Amino acid sequence: MTTTARKGGPRAQGATVWLTGLPSAGKTTIARLLGDRLTAEGHRVEVLDGDEIRRFLSAGLGFSREDRNTNVQRIGLVSEVLARNGVLSVVPVIAPYADSREAVRKRHEASATPYVEVHVATPVEVCSERDVKGLYARQAAGRLSGLTGVDDPYEPPTDPALVLRTQDQTPRESADAVYAVLAERGLV
């Protein structure tokens, strides 16, 4: 018995789409738009929002380098398990440290699970203007320290599958660019 995947139709192949970038870069907006499109096409999709993970799976963790690493590893594990089981896992998280992201990538490689890293490369000035959660304003007022990209480091990916400059395109255009990479790799 042979089966063929319909063009544009659902497949059993899962993957992790890891969107990393500064706070207010547009990661979650892009992830939701991409998730909606993939769901509408019949794919099994989960958006693992970094804020939701922090509230539930990583409750109690702080923002030290060690705690941030633990948070990223937990998200990476959940995403890899979902992807290994045929789910397209879309992960919008800051994940500021290169070594943490590399560990997630290696976890995926070890299980032969597709992993697509996307750098949402919005400049800090643009993120600060968007300031979706008021983090930049609180940091500027001295009520918040350790803000990624301001007074805590963000290590940009050195070899992402895609770099999105969200200041130059709409969220829909960004989501479409991610979709194009997935299509190019045969994942959708």
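The values are calculated or read from the model by the stated rules, or taken from the named source; none is laboratory data. What you see is a predicted model; the values in this text were computed from it and never measured. No Cβ is skipped: glycine too gets one built from the backbone with ideal geometry, and neighbour counts run over all protein chains shown. These area figures cover heavy atoms from the full protein model, side chains too; ligands, DNA and RNA do not enter into them. Shrake-Rupley method; radii C 1.70, N 1.55, O 1.52, S 1.80 Å.
State all residues of the stretch 35-64 that are surrounded by 14 or more Cβ atoms within 10 Å (Cβ to Cβ) and of a type in the set (Phe, Trp, Tyr); if no residue qualifies, say none.
Passing the criteria: only Phe63.
Mind checking which residues of the stretch 65-80 are among the acidic types (Asp, Glu) and open to solvent by 80 Å² or more (accessible area, probe 1.4 Å)?
Listed by number, the list holds a single entry, Glu66.
Quick check on Tyr97: is it more than 19 Å from Leu22 (Cα to Cα), crowded, with 17+ Cβ neighbours inside 10 Å and touching a residue at least 12 places away in the same chain (Cβ under 8 Å)?
no
Looking at the stretch 141-158 only, could you name the residues that are closer than 20 Å to Pro114 by Cβ and either free of Cβ contacts under 8 Å to residues at least 24 places away in the same chain or assigned to a helix (DSSP H, G or I) (or both)?
Within the stretch 141-158, no residue meets the criteria.
Quick check, is Ala83 open to solvent by less than 30 Å² (accessible area, probe 1.4 Å), assigned to a loop (DSSP other than H, G, I, E, B) and among the hydrophobic types (A, V, I, L, M, F, W, C)?
So Ala83 does not fit the description; no.
For the stretch 152-162, indicate whether the set of residues that are farther than 23 Å from Arg68 by Cβ and not hydrophobic (A, V, I, L, M, F, W, C) is non-empty.
Checking the stretch 152-162: not a single residue is farther than 23 Å from Arg68 by Cβ and not hydrophobic (A, V, I, L, M, F, W, C).
Could you tell me which residue of the stretch 137-181 is most open to solvent (accessible area, probe 1.4 Å), considering only residues that are over 23 Å from Arg105 (Cβ atoms) and touching a Leu at 6+ places or on another chain (Cβ under 7 Å)?
Arg172
Run down Arg11, Arg32, Arg6 and say which single residue is under 18 Å from Val178 (Cβ atoms), modelled with pLDDT under 95 and either assigned to a helix (DSSP H, G or I) or open to solvent by 20 Å² or more (accessible area, probe 1.4 Å) (or both).
None of the others qualify; the one that does is Arg11.
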